[in-house]
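Have a look at the structure below before the remarks.
The values are calculated or read from the model by the stated rules, or taken from the named source; none is laboratory data. The structure presented is a predicted model; accordingly, all values stated were derived computationally and were not measured. Using ideal geometry, Cβ is built from the backbone for each residue, glycine included, and neighbour counts are taken over all protein chains shown.
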Amino acid sequence: MKRVRIPAKNGNPVIPHNSEITMINSSGECIDRLPVLIKRETQDLSVKKAYDAIFWNLPEKYVWKETPPKQSQKA
């Protein structure tokens, strides 16, 4: 598989947040696989058993509401 980089247009991502991604091989066939670097997958069993790859790129960085717990020191 070939890795493709799609640059932003006017400072906005070309692929909108929460879009479904489909992989297509060099002969134009759809491949029923999840891209390795995908951050979110969904599954709708009423439609099909396979998972759908979702492009996850929030418009602004997520801010955590709680601070993470402190790590305990090993003895």
In segment 31-67, anything loosely packed, with under 10 Cβ neighbours inside 10 Å, at pLDDT 85 or above and hydrophobic (A, V, I, L, M, F, W, C) is listed as L45, V47, V63, W64
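Which residues, counting only those in segment 1-11, are of a type outside the set (V, I, T) and either in a loop (DSSP other than H, G, I, E, B) or surrounded by 10 or more Cβ atoms within 10 Å (Cβ to Cβ) (or both)?
Within segment 1-11, the first condition is being of a type outside the set (V, I, T), and the residues that meet it are 1-3, 5, 7-11.
Residues satisfying the conditions are M1, K2, R3, R5, P7, A8, N10, G11.
I'd like the full set of residues that are in a loop (DSSP other than H, G, I, E, B) and in contact (Cβ under 8 Å) with a residue 24 or more places away in the chain, limited to segment 54-72. Spell out the reasoning first.
Initially, segment 54-72 is screened for residues in a loop (DSSP other than H, G, I, E, B), giving 56-72.
Correct list: W56, N57, L58, P59.
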